[in-house]
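One structure below.
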Amino acid sequence: MALTQLSGWDPDPDVATALRGLLSSDDEFERWMAAGGLARQRSTEDLDAVLGVVRRASPAEGGSTGSMYLPVQSALELATLLGPDAVERVRTLATEWRGPAPTRPNQFDRELDDLLAG
């Protein structure tokens with residue numbers, strides 16, 4: 001928790017390094033918080049690792065659209081810093097990992113759709 005709070009300050013290489021270690025945590029919440037912290041640190045070199053958190057949270061890996069929301073948000077924040085091609089890559093991958101849109105979307109589906117639509 002302290003690391004994620006520190007991530008809200010100016011970018012710091014030591015904080016980013018510590019957050020990277022949490023991306024592979026067994027705790028889903030820690031992974032989400034680490035991804036968000038790296039986005040706040042503007043650590044664009046970690047986009048692929050944050051996308052790994054998105055994939056792990058997705059239905060493609062047994063997760064859900066609800067669990068994808070925060071990591072997708074973090075990935076999009078980093079991708080925005082890199083430009084439109086990176087944003088499109090995040091949207092494409094997240095959509096692929098999500099799978100087909102349900103015929104009866106729930107609130108999480110609609111929120112993820114809104115996030116991915118920009």
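How much accessible surface area, in Å² rounded to 10, belongs to the heavy atoms of PHE108 with a 1.4 Å probe?
The accessible area of PHE108 comes to roughly 110 Å².
With a 10 Å radius around each residue's Cβ, average the other Cβ atoms per peptide and rank 46-55, 74-83, highest first.
Highest mean packing first, the order is 46-55, 74-83.
What is the chain's relative contact order, in percent, from Cα pairs under 8 angstrom and six or more apart in sequence?
Normalised by residue count, the contact order of the chain is 21 percent.
Using just the Cα positions, wrap the chain in a convex hull and report its mean projected area in square nanometres, one decimal place.
Directional mean of the projected Cα hull area for the chain stands at 6.9 nm².
Need one number: nm distance between label points at ARG55 and ASP114, each 7 Å from Cα along Cα→Cβ, rounded to one decimal.
Between ARG55 and ASP114, the simple spin-label model gives 2.9 nm.
The values are calculated or read from the model by the stated rules, or taken from the named source; none is laboratory data. Remember, it's a predicted structure, so these values are computed and weren't measured experimentally. Positions of Cβ are backbone-derived with ideal geometry, glycine not excepted, and every protein chain shown enters the neighbour counts. Accessible surface areas use protein heavy atoms only, side chains included; no ligands, DNA or RNA. Shrake-Rupley method; radii C 1.70, N 1.55, O 1.52, S 1.80 Å.
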